[in-house]
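The values are calculated or read from the model by the stated rules, or taken from the named source; none is laboratory data. Nothing here was measured: the structure is a model prediction, and the numbers come from that model. FYI the Cβ positions are ideal-geometry reconstructions off the backbone, even for glycines, and counts take in every protein chain you see.
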Amino acid sequence: MKTKDCNKKIKHMFPEYRDLIVQLRQENPYFANLFEEHAVLDKQIAQLELDPINHVNDDIEGIKRKKLKLKDEIYRLLKSSEADPLS
């Protein structure tokens, strides 16, 4: 994900953890992968929602649930890193 795109995403998703997100994306491959996968799902949802036929599509709901699970895991990692900065 480009830095510009990442900065936009951080602005809307956990802005209070801006610096920690940047740090974890550089130092933690698992966190970076979660963040990237969340961005991919976000784009996929946006593209599907452009087509009016897809507005009542169960696939979109499944993707949204998966994206939410990733966001929850990202948040969990942020909270644990904040509580234990040495990990």
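Key figures
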{"quantity": "Counted residues, segment 15-68 - those being under 19 Å from residue 81 (Cβ atoms) and surrounded by 11 or more Cβ atoms within 10 Å (Cβ to Cβ)", "calculated": "17"}
{"quantity": "Residue list for segment 46-87, filter: modelled with pLDDT of 85 or more, more than 21 Å from residue 30 (Cβ to Cβ) and among the acidic types (Asp, Glu)", "calculated": "61"}
{"quantity": "Matching entry among 53, 60 (being touching a residue at least 12 places away in the same chain (Cβ under 8 Å) and more than 11 Å from the chain's Cα centre (by Cα))", "calculated": "60"}
